[in-house]
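The values are calculated or read from the model by the stated rules, or taken from the named source; none is laboratory data. Nothing here was measured: the structure is a model prediction, and the numbers come from that model. Reconstructed Cβ throughout: ideal geometry from the backbone, glycine too, with neighbour counts over all protein chains shown. Only protein heavy atoms, including side chains, enter the accessible area calculation; ligands, DNA and RNA are left aside. Shrake-Rupley method; radii C 1.70, N 1.55, O 1.52, S 1.80 Å.
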Amino acid sequence: MTNQTLAQASDIAVWASMVLLTVAMLAFAGHLAVTGTRARSRSTDAQATADSAVGSAEQSGSVAVLTPPEVEPAPSRRWGVIGLQVTWLATFALIAGIALRGLSVSRAPLGNMYEFAVAAAMFTLVVYSAWALRKDRLWLGLFVTLPVLLILGAAKLSWYTEASQLMPSLNSIWLVIHVSVATLSVALCVIGCALALLYLAKDRAEHKGEVPGWLAALPSSPSLERITYGIHIVAFPLWTFTLIAGAIWAEQAWGRYWGWDPKEVWTFVIWVVYAAYLHARATSGWHPRKATWLAVAGAGCILINYTIVNTFFVGWHSYSGI
Amino acid sequence: MTQTKRGPAHEPITQPRLGLVGWLRWMWRQLTSMRTALMLLMLLAVAAVPGSIWPQRSVDPPRVNEFIRNNPTLGEWLDRFGFFDVYSSPWFAAIYLLLMVSLIGCIIPRAGVHWRAMRALPPRAPRNLTRLEAHATTELSADPEVVLAATRAVLSRRRLRIRRPEEGREREVASEGGYLKETGNLVFHISLLAVIVSVAVGHLWGWRAEVILPEGETFTSQAGRYDTLQTGPWVDEGSIDPFSLRIDRLDVEFETDAGGAQFGAPRLFEATATTTAEPGAPEQERVFGVNNPLHFGGTSVYLLGNGYATVTSVTDGEGTSLGTFTTPFLPQDDNYASTGAIKIPAADPQLGFYGVFLPTLRFADAGPVSDFPGLVDPALLLGVYEGTLFPGGRPQSVYTLDTAQMEQLVTEEDELSRLLLRPGDTMELPGDRGTIVFEDVIRWGGLVVRHDPGRIPVLISSIVLLGGLITMLTVKRRRVFVRVTRPGEGGGGPGERHTGLTIAGLAKGSDPNLQDYLDRIVEDIETAVATKDTA
Ligand code: HEM
């Protein structure tokens with residue numbers, strides 16, 4: 001049975017996380033403003049200087065030590081660090097929200113659209129927070145907290161579902177396996193899409209020869225492109241696993257592993273689009289810029305799958321709960 | 001490297017003539033190019049989408065008919081181009097068949113190249129190592145021979161294959177590793193083919209059948225006993241496993257706690273059954289349900305639907321029993337308002353009842369409705385018909401009444417006769433035609449029975465596919481070159497650290513960690529040299 005006190009506590013934790021994320025987002029925006037203007041003013045002579053400095057830092061400098069182009073002190077990272085610390089708090093709040101929701105209904109909280117969306121938001125924050133522990137990812141903070149806030153906002157406003165028990169077809173260990181990996185790989189694709197768009201924006205600005213401050217604070221476009229690829233090669237096997245696990249589950253629940261149900265069609269379409277991205281990147285004669293658009297298209301398909309397919313297309317997967 | 005030669009501008013461009021073989025070869029090369037594979041992949045993604053927008057015959061044929069009825073013109077055109085059968089349409093097949101051919105044409109030569117590459121030696125070190133994108137230099141306090149030995153040891157510990165030393169190149173080491181990347185790539189693409197072949201096997205030799213089984217009745221699996229049976233082209237109907245199954249009890253529960261859309265949602269759905277694997281085999285009691293199918297050899301039984309069946313008995317005007325009937329009613333909405341037909345062929349003239357069963361009756365403005373899917377206030381509302389039940393002996397659905405040659409009975413007040421019965425009620429039929437007794441409500445289970453010989457091969461190929469994928473994306477194919485310079489040669493003074501070492505790396509594809517990797521190798525070499533010194 002549903003414990004309403006815990007369910008309410010879960011709602012409060014999710015709201016708290018959203019408030020914290022808003023603070024973090026503003027701090028990260030401040031960080032970009034500060035480091036961006038510095039990066040620009042430092043490279044009055046040539047854009048290349050800023051690029052190579054940040055760029056080779058990204059490539060984790062060779063043994064030959066980097067000599068900074070000028071002796072000017074590095075721009076303050078205070079805002080970024082504050083943003084990151086608040087993001088960690090928001091991450092914990094969201095994890096708590098999910099745990100409370102799970103406790104309130106004594107099951108894995110992955111049973112309807114609201115719960116999927118919150119889980120995807122949580123994984124996005126966890127991936128980003130863990131990543132930022134190991135590498136300097138302060139410049140990315142704004143572009144992670146913003147989409148996460150949008151996801152949580154949509155979850156709260158449009159997809160909110162009261163805590164309750166599962167329908168029998170969802171009551172399976174495969175729910176936990178399939179959906180948690182799916183939401184994790186969606187989280188990676190959200191970050192991947194943010195990176196892809198940043199790369200495309202920076203690449204275009206560099207071609208025009210006019211890099212605005214906030215873009216100057218980012219790594220060079222080739223290294224942005226490499227990071228984009230790097231996150232997708234983690235996301236793609238996870239999505240492949242999602243597809244396989246979903247088929248195993250469908251086989252158990254419905255007696256066929258594949259039935260071209262709208263949700264299955266879109267899972268497949270997303271998989272093929274990301275496969276095309278990885279292919280395009282390996283195809284000589286395809287500029288990474290063109291290939292990266294395919295990664296953006298893949299994220300677009302995830303969005304369609306999540307919003308339109310879940311709510312408007314008739315199929316077996318009617319779990320939206322709304 | 002290939003070099004493109006350009007003739008002088010005035011020379012006319014001569015196209016080499018391609019014979020038939022030339023053309024075929026050109027087409028084959030185009031089809032198996034990475035570019036075409038990419039186009040076909042993108043085309044496949046686009047082509048799969050219409051199947052999620054319009055209803056599909058393979059999934060839900062009634063919805064297709066409904067769509068065509070509501071949109072006659074659009075429906076006809078869509079149908080003409082196969083948009084209601086996307087996944088068996090010629091254009092969809094064309095895309096994935098071309099992709100398969102492209103894949104085969106890609107795998108075979110690559111497998112050959114990889115086979116040779118695995119047995120070949122790594123190439124020699126380039127002249128100027130510091131020209132390579134990733135490189136590092138350091139100086140060590142040990143003799144060149146010691147450094148070289150340490151380098152070899154470190155590289156082979158990292159599973160890199162080392163080129164044999166050559167005359168005049170004694171002080172350099174060339175090595176290569178990560179051949180597993182290409183192996184993973186080939187395994188991945190081959191398993192992709194294996195998945196497609198396994199799916200085809202399941203399609204050709206598989207079958208799927210449905211039957212509605214009320215509690216207490218025994219079902220024996222035979223081609224003729226199923227309500228529907230779809231077989232693959234190469235299925236022998238005699239080979240269907242002859243198991244039998246009786247549902248002793250169906251447990252169904254619905255949400256009563258949560259409000260909103262969740263109220264009344266199904267929560268538990270489980271059957272307790274007595275089964276025999278084949279005639280004469282011992283009986284077994286087994287529980288099955290959603291996400292928990294029963295297996296009989298290669299055949300699986302899934303509990304996918306449920307509903308209510310009424311038990312009614314009818315007597316004629318003289319009070320003679322015309323039989324007791326267990327009649328499944330088909331749910332029409334989430335609250336299990338269900339329609340069904342009770343047919344009494346033994347009556348003279350024949351009688352038929354058609355109407356709705358409502359598990360929780362409520363009289364709304366528009367008429368009686370069901371408020372909840374559980375049995376709170378069950379009621380049966382029937383119209384009574386008289387005439388010929390099976391005109392012309394045509395097959396008909398058990399859930400509806402063919403009223404072409406039947407007439408609805410009227411009461412003495414000249415109104416259409418409608419019966420409202422609750423369990424236990426007995427009602428007189430108009431005109432002394434007898435009585436109907438609503439004895440009981442039981443449940444029925446909707447079973448799907450499936451035999452798919454491609455199931456396990458698909459599973460195994462998918463797991464291998466995932467393994468190949470992870471391997472190809474994580475392993476890096478790298479070449480590492482090291483050159484050691486003698487004291488003095490590299491400009492090193494007579495200091496402590498006098499032997500120069502230059503290391504450089506080349507990676508296939510994107511490899512942001514290559515520099516890190518080289519730096520770690522250098523550290524390893526330094527440690528190895530240092531420990532050798534102290535030893
Ligand atoms: C049927 C659908 C196909 C899928 C889903 C698929 C998927 C993939 C994936 C995910 C990669 C990894 C790319 C990377 O390393 O980042 C890959 C690599 C590759 N694929 Fe495919 N592929 C398909 C068909 C084909 C076909 C038809 C060909 C041949 C024309 C082909 C040739 C290659 C090659 C050569 C690579 C290696 C690229 C490299 O190592 O840089 N693939 N494929």
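Remarks
- Subset of the range B:120-143 [hydroxyl-bearing (Ser, Thr, Tyr) and open to solvent by 40 Å² or more (accessible area, probe 1.4 Å)]: B:THR130, B:THR137, B:SER141
- Listed by position, the strands (runs of 3 or more DSSP E) enclosed by the range B:234-298 that each have at least 2 residues that are open to solvent by less than 70 Å² (accessible area, probe 1.4 Å) and more than 30 Å from B:PRO453 (Cβ to Cβ) are B:244-254, B:266-276.
- Pair list, Cβ < 9 Å and 6+ apart or interchain, from the range B:447-472 residues that are away from the ligand (no atom under 16 Å from the Cβ) to residues that are part of a loop (DSSP other than H, G, I, E, B) and basic (Lys, Arg): B:VAL448/A:ARG256; B:ARG450/A:ARG256; B:ASP452/A:ARG256
- Among the residues of the range A:183-233, those that are more than 16 Å from the ligand (Cβ to nearest atom), within 19 Å of A:ARG281 (Cβ to Cβ) and among the basic types (Lys, Arg) comprise A:LYS202, A:ARG204.
- Some residue of the range A:248-255 being under 21 Å from A:SER180 (Cα atoms) and at pLDDT 95 or above: no
- Subset of the range A:125-153 (residues that are open to solvent by 50 Å² or more (accessible area, probe 1.4 Å) and either in the same structural domain as A:ILE191 (by TED's automatic domain parsing) or not in a helix (DSSP H, G or I) (or both)): A:LYS135, A:ASP136
- Residues satisfying the stated conditions in the range A:289-310, i.e. in contact (Cβ under 8 Å) with a residue 12 or more places away in the chain, more than 7 Å from chain B (Cβ to nearest Cβ) and open to solvent by less than 40 Å² (accessible area, probe 1.4 Å): A:ALA291, A:THR292, A:LEU294, A:ALA295, A:VAL296, A:GLY298, A:ALA299, A:CYS301, A:ILE302, A:ASN305, A:ASN310
- All conditions but one from (1) more than 16 Å from the ligand (Cβ to nearest atom); (2) open to solvent by less than 50 Å² (accessible area, probe 1.4 Å); (3) within 11 Å of chain A (Cβ to nearest Cβ); (4) in a helix (DSSP H, G or I) apply to B:VAL146; the one that does not is (3).
- Among (1) within 16 Å of the ligand (Cβ to nearest atom); (2) more than 19 Å from B:LEU43 (Cα to Cα); (3) of a type in the set (Gly, Ala, Ser); (4) buried (at least 18 other Cβ atoms within 10 Å of the Cβ) - the single one B:ALA117 does not satisfy: (4)
- Pairs with Cβ under 6 Å, 6+ apart, first in the range B:508-522 and facing chain A (nearest Cβ under 7 Å), second in a helix (DSSP H, G or I): B:SER510/A:ARG226; B:SER510/A:TYR229; B:PRO512/A:ARG226
- Whichever residue in the range A:253-271 is of a type outside the set (D, E, K, R) and more than 8 Å from every other protein chain (Cβ to nearest Cβ) and, among such residues, is farthest from B:GLY51 (Cα to Cα): A:TRP271
- Answer residue from the range B:31-62, given it is at the interface with chain A (Cβ under 7 Å from one of its Cβ atoms) and more than 16 Å from the ligand (Cβ to nearest atom) and is modelled with the lowest pLDDT among those: B:VAL59
- Within the range B:399-422, being at pLDDT 85 or above, surrounded by 15 or more Cβ atoms within 10 Å (Cβ to Cβ) and assigned to a loop (DSSP other than H, G, I, E, B) holds for B:TYR399, B:LEU401, B:ASP402, B:LEU409.
- Residues located in the range A:222-269, provided they are open to solvent by 10 Å² or more (accessible area, probe 1.4 Å) and among the polar types (S, T, N, Q): A:GLN252, A:THR267
- Residues being within 14 Å of chain A (Cβ to nearest Cβ), open to solvent by 50 Å² or more (accessible area, probe 1.4 Å), more than 16 Å from the ligand (Cβ to nearest atom) and not in a strand (DSSP E or B) - total across the range B:191-225: 1
- Criterion violated by B:ASP79 - all others in (1) closer than 30 Å to B:ARG479 by Cβ; (2) more than 16 Å from the ligand (Cβ to nearest atom) satisfied: (1)
- Single unsatisfied condition, B:VAL101 versus (1) of a type in the set (A, V, I, L, M); (2) within 11 Å of another protein chain (Cβ to nearest Cβ); (3) within 10 Å of the ligand (Cβ to nearest atom): (2)
- Counted residues, the range B:317-376 - those being farther than 25 Å from B:GLN405 by Cα, surrounded by fewer than 21 Cβ atoms within 10 Å (Cβ to Cβ), without any contact (Cβ under 8 Å) to a residue 40 or more places away in the chain and among the aromatic types (Phe, Trp, Tyr): 1
- Scanning the range B:492-506 for residues that are modelled with pLDDT of 90 or more and either assigned to a loop (DSSP other than H, G, I, E, B) or open to solvent by 20 Å² or more (accessible area, probe 1.4 Å) (or both) yields a count of 2.
- In the range B:163-190, the residues that are at pLDDT below 95 and more than 16 Å from the ligand (Cβ to nearest atom) reach residues that are assigned to a helix (DSSP H, G or I) and open to solvent by 30 Å² or more (accessible area, probe 1.4 Å) with C-beta atoms within less than 7 angstrom, at least six apart or across chains, in these pairs: B:VAL173/B:ARG152.
- Pairs, first outside the structural domain of A:HIS232 (by TED's automatic domain parsing) in the range A:258-273, second crowded, with 23+ Cβ neighbours inside 10 Å and at pLDDT below 90, C-beta under 8 Å, six or more apart: none
- Residue selected from the range A:272-288 under the condition near the ligand (Cβ under 8 Å from one of its atoms) and more than 7 Å from chain B (Cβ to nearest Cβ), by the criterion nearest to B:MET42 (Cα to Cα): A:TYR274
- Close pairs (7 angstrom Cβ cut-off, 6 or more residues apart or separate chains): assigned by TED's automatic domain parsing to the domain that holds B:LEU43 and more than 17 Å from B:VAL195 (Cα to Cα) in the range B:94-112, more than 7 Å from the ligand (Cβ to nearest atom) and not in a helix (DSSP H, G or I) anywhere: none
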